[in-house]
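Below is one structure, written out as C-alpha cells; the observations come after it.
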Amino acid sequence: GEARPKRGLVEHTRHFFATWSAESRAHLQDAHISVSLLFVVAGALIGLTAAAFSDASQQVEDWQQAWAERDIRLAWVVMPLGLTLVVLLVRVFFDGTAGSGIPLLSVGIELQDGDPNFVRVFSLRILFGKILLTLLAQLCGASSGREGPTV
C-alpha cells in the first residue's frame, strides 16, 4: 500500500470533503435520515451523560458535606488517603485522565491520522475514568469540578 501523509484532524477533514466523489455524496443523501438519526442519538447520549454526571457530582458533594459535618477530623484521614488513591488510579489504570479535559480536547483535534495518542485522548476508558475519578476526588474533599471533564 501507498503510505498516506499524516495530517491533523482539520486537514484530514478538508481533504476528505475535497476528494469526496459525487457517488459518495449521492449515497449520503440517500442515507440522510440514518446520518441525522446518528447525530440525534449521539447528541442525546452525550447530553444524558453530562446530566447524569452533574447529578452524580451534586450527590457526591452532598455526601462529602455530610461526612465533613459529622466529624471534621475525618478530613485528616479521608483527604490524604482518598486523594492518594485518586493519583494511584490515574497513574495505574487511567493514564491520560489528569487535568480538566479542555486542553486534551484542543490537542485531540489536531492529532494526526494514526497517532497512538488519539486513543489516549478519545476513549471510553478516558470518559469513565474522568467521571469516576472526578467524583471520587470530590467525595474526598478536593475542589475538583465537573465542568472541565464534561467537555
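At a glance:
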| item | result |
| --- | --- |
| FRET efficiency estimate (nearest 0.05) - Cβ-Cβ, Asp55 to Ser34, R0 41 angstrom | 0.85 |
| Karplus-derived 3J(HN,Hα), 6.51/-1.76/1.60, for each residue of the range 86-92, Hz, glycine and proline x | 4, 4, 4, 4, 4, 6, 8 |
| Principal axis box of the range 52-115, alpha-carbon based, largest edge first, Å | 52, 26, 16 |
| Phi-based couplings in Hz for the range 127-142 (Karplus 6.51, -1.76, 1.60; Gly and Pro marked x) | 4, 5, x, 4, 5, 4, 6, 5, 5, 5, 4, 5, 4, 7, x, 6 |
| Segments 87-97, 44-54, 130-140 sorted - mean Cβ within 10 Å per residue, highest first | 130-140, 87-97, 44-54 |
| Cα-centre dipole for the range 50-114 with unit charges at Cβ (Lys and Arg positive, Asp and Glu negative), debye to 20 | 280 |
| Per-residue ³J(HN,Hα) for the range 67-80, Karplus 6.51 cos²θ - 1.76 cosθ + 1.60, θ = phi - 60°, Hz, x for Gly and Pro | 5, 5, 6, 4, 7, 4, 5, 4, 4, 5, 9, 5, 5, x |
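Values in this text are rule-based calculations from the coordinates and carry no lab data. Since the model is a prediction, treat every value here as computed from it, not as a measurement. We place every Cβ from the backbone using ideal geometry, glycine too, and count neighbours over all the protein chains shown.
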